[in-house]
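Okay, so here's the structure we're looking at.
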Amino acid sequence: MSFLDVKDLKIHFPTDDGLVRSVDGLTFGLERGKTLGIVGESGSGKSVTSLGILGLHKGGRAKISGEIWLDGEELVSAPAEQVRGLRGKKMAMIFQDPLSSMHPYYTVGHQIIEAYRIHHDVSKQVARKHAVDLLGRVGIPEPANRVDSYPHEFSGGMRQRAMIAMALSCDPELLIADEPTTALDVTVQAQILDLMRDLQREFNSALIIITHDLGVVAELADDILVMYGGKCVEYGSTDEIFYSPEHPYTWGLLGSMPRLDREPTERLLPIKGSPPSLINVPPGCAFHPRCPYADRTEGRASTEVPDLAPTERGHLVRCHMPRTERRTLWENEIKPVLETQ
Amino acid sequence: MSENEPLLSVRNVEKHFPVTAGLFKRQVGAVKAVDGISFDVFKGETLGLVGESGCGKSTTGRLVTRLLEPTGGAIDFEGRDITHLSQGKLRPLRRDMQMIFQDPYSSLNPRHTVGAIVGAPFRIQGVKTDNGVKKAVQEILELVGLNPEHYNRYPHEFSGGQRQRIGIARTLALKPKLIIADEPVSALDVSIQAQVVNLLEDLQKELDLTYVVIAHDLSVVRHISDRVAVMYLGKIVEIAERKRLYSSPMHPYTNALLSAVPVPDPKARKERERIRLKGDVPSPLNPPPACRFHTRCWKAQEICKTVEPPLESLASGHSVACHFPENAPVAATADTAGKD
């Protein structure tokens, strides 16, 4: 069993308009020291997954089923109290927008000290020293002074560093970063990605990075899970996903991005249509209305949900098309077009 | 107007926002959002403006469309000085100059139907159409890939990508000559971004449009632009043909920007040498003297702190403001020069 094992996780929200299946049967595992990238567009269920692992949907309206095993403890059926004891200590989260996820009324130091003292029985002085150490560790200049600054006195990049310091305050073994660099400029993004890579090496924690940017996951992730309409559509090692993807949605994502490392093309190759609303996920394969190959499934695309089945190379793909046909398509039609890009 | 004359010409334009303090709103300083920039935009081309947040790229867009009045310099549109035109005199010009906004959620009035939104330019400008405004609006909706039958729907009934198309339709209503697009795709999902980028390119070919595209995403700008200007703290530091800028950038800042972009190729991460800029962009309230990049530049010497480098043309169509430009051709992906 891995350090983190998620089995058939479902997070559904009953609403007046119907059941929203934000996460619908997600299974994955993650070891210490490894990074999993979860990629998807808005409304694919990637953020709900991360909040679900942290137990932040407990006690709300959400209907959660499945299993989440963290280091031998099952979290879905565990009482909220028990999960709260783990949150911050064993698992922590870095949010997208550090300005709205830090309290504007308290100093940065106060907020780190608070998180640390909840889990450790230490004096304020000791906790303060710890906070200063952490701020220095994440690269904030003059941490002894900046510990008394308020979030608004920090720039965006520094705030994100402070946020990382807070998440790391209790040496979590599982760190979830939800779009950690989306709000940042590109030069600052590069700094933060470096920092996260270094810290992960140092603390040997398991890292889940949630993003829509394939560039970011290519930089950090060991494994990638592609989500669409609340389901995993492709899951495998980073090399597999980038160099031999087999799901038409992954192909579409790769074709949609203008790339700096290749000669510019005349045209991008977008996916037609737009992502489905989770309240009204298309029947059968959720991607079929946008899939250029939906007619190759003998009509099953709109009636049957495809299974997440292993490919010859061992990664998992949820597609009705026969394996050999997908491989032929990728080798003969998709890959040549993407590579000239 | 002759072929070589620019459609839009910007000369030493400045925009300083006053910072006031105290009871009597005494001016204590100025945010130099745009501090003396010059560029030309020729008919039929796309100029990309890139830079990080706070570099003044959006202010530039607003100055050019005269949504803001410059505090210095001159803006010529079709050879006519529009720098200080009054609102009344500007109104007829608005027909030729339109803007696409970043956020398709806040730039459309939620209480108006699509027909009212896209038809508004006709009413405001008093433009007569052959078969009525409704017909004209429906034609434009079709042109941007929306269903003309959605004329009576409200913005909330559309997805983000479709909303952006509505915004583009409104922009195109009066067949403008120049379109300023301020982050036209950054609020959209990846798969939708590509649709909108392609749409902008198709429309340019079809309607002979001229674009100024403002964006922070270097890959999008490279895809869409003919020439690219890089801004840093209110100044243009480098302006060049797209190909030249991306294959042999001269300004250290451009080099750093290009090497900071994460590349979706996991093998490349092991091989790539990256330029790491230290710290953040300084505040435009109190920018560093002389070369504004010297506080973060690895090549900075004494002269960079005392003498401001002018924007000089170092090769045909390639201008750069730097005392120590990188002359060796450097590829964006295989950076060999300028390592830390």
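The values are calculated or read from the model by the stated rules, or taken from the named source; none is laboratory data. Quick caveat, the model's predicted, so the values are computed rather than measured. Every residue, glycine as well, gets a Cβ built from its backbone with ideal geometry; the counts of neighbours run over all protein chains shown.
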For region A:233-241, does any single residue satisfy the condition of being within 21 Å of A:Val337 (Cβ to Cβ) and not charged (D, E, K, R)?
yes
Hey, can you tell me all the residues within region A:266-313 that are part of a loop (DSSP other than H, G, I, E, B), farther than 21 Å from A:Ile11 by Cα and in contact with a strand residue (DSSP E or B) (Cβ under 7 Å, 6 or more places away or on another chain)?
A:Thr311
Just one of A:Pro292, A:Pro306 is touching a Lys or Arg at 6+ places or on another chain (Cβ under 9 Å) and buried (at least 18 other Cβ atoms within 10 Å of the Cβ); which is it?
A:Pro306
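Would you pick out the residues in region A:1-27 that are of a type in the set (D, E, K, R) and either within 14 Å of chain B (Cβ to nearest Cβ) or in a loop (DSSP other than H, G, I, E, B) (or both)? Outline the logic, then answer.
Initially, region A:1-27 is screened for residues of a type in the set (D, E, K, R), giving A:5, A:7-8, A:10, A:16-17, A:21, A:24.
A:Asp16, A:Asp17, listed by residue number.
Within region A:28-40, identify whether any single residue is assigned to a strand (DSSP E or B) and surrounded by fewer than 18 Cβ atoms within 10 Å (Cβ to Cβ), and answer yes or no.
Yes, region A:28-40 contains a residue that is assigned to a strand (DSSP E or B) and surrounded by fewer than 18 Cβ atoms within 10 Å (Cβ to Cβ).
This table checks each residue for (1) within 23 Å of the chain's Cα centre (by Cα); (2) without any contact (Cβ under 8 Å) to a residue 24 or more places away in the chain.
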residue	(1), (2)
A:Glu266	no, yes
A:Ile279	yes, no
A:Tyr293	no, no
A:Arg300	no, yes
A:Leu308	yes, no
A:Arg313	no, no
A:His320	no, no
A:Thr324	no, yes
Could you identify the single residue in B:Val212, B:Val137 that is more than 10 Å from every other protein chain (Cβ to nearest Cβ) and more than 26 Å from B:Thr254 (Cα to Cα)?
B:Val137
Where in region B:31-148 are there helices (runs of 4 or more DSSP H), lying fully within it, with 2 or more residues that are at pLDDT 90 or above, of a type in the set (Val, Ile, Thr) and over 20 Å from the mean Cα position of the chain (by Cα)?
B:114-125, B:133-143
Those residues of region A:153-188 which are over 16 Å from the mean Cα position of the chain (by Cα), in contact (Cβ under 8 Å) with a residue 60 or more places away in the chain and within 12 Å of chain B (Cβ to nearest Cβ), in sequence order
A:Arg159, A:Gln160
For region A:42-52, does any single residue satisfy the condition of being within 16 Å of A:Asp8 (Cα to Cα), in contact (Cβ under 8 Å) with a residue 40 or more places away in the chain, of a type outside the set (S, T, N, Q) and surrounded by fewer than 16 Cβ atoms within 10 Å (Cβ to Cβ)?
no
Considering only residues that are more than 16 Å from B:Arg165 (Cβ to Cβ) and among the polar types (S, T, N, Q), which ones fall in region B:110-149?
B:Gln125, B:Thr129, B:Asn131
With respect to the numbered conditions (1) acidic (Asp, Glu); (2) in contact (Cβ under 8 Å) with a residue 24 or more places away in the chain; (3) at the interface with chain B (Cβ under 9 Å from one of its Cβ atoms), which one is the sole condition not fulfilled by A:Glu240?
(3)
Please report, ordered by residue number, the helices (runs of 4 or more DSSP H) entirely within region B:235-322 with at least 2 residues that are within 14 Å of chain A (Cβ to nearest Cβ), touching a residue at least 40 places away in the same chain (Cβ under 8 Å) and surrounded by 14 or more Cβ atoms within 10 Å (Cβ to Cβ).
B:242-247, B:252-260
When the residues of region B:175-209 are filtered to those that are among the charged types (D, E, K, R), more than 16 Å from the chain's Cα centre (by Cα) and within 24 Å of A:Glu41 (Cβ to Cβ), which remaining residue is nearest to the other protein chains (Cβ to nearest Cβ)?
B:Asp189
Being surrounded by fewer than 22 Cβ atoms within 10 Å (Cβ to Cβ) and under 18 Å from B:Val212 (Cβ atoms) is the filter here, so list the residues in region B:174-196 that pass it.
B:Leu174, B:Lys175, B:Pro176, B:Lys177, B:Leu178, B:Glu183, B:Ser186
Are any residues in region A:270-280 more than 7 Å from chain B (Cβ to nearest Cβ) and buried (at least 18 other Cβ atoms within 10 Å of the Cβ), and if so, which ones?
A:Pro276, A:Leu278
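Which one is farthest from B:Gly160 (Cα to Cα) among residues in region A:253-265 that are assigned to a loop (DSSP other than H, G, I, E, B) and at the interface with another protein chain (Cβ under 7 Å from one of its Cβ atoms)?
A:Asp261
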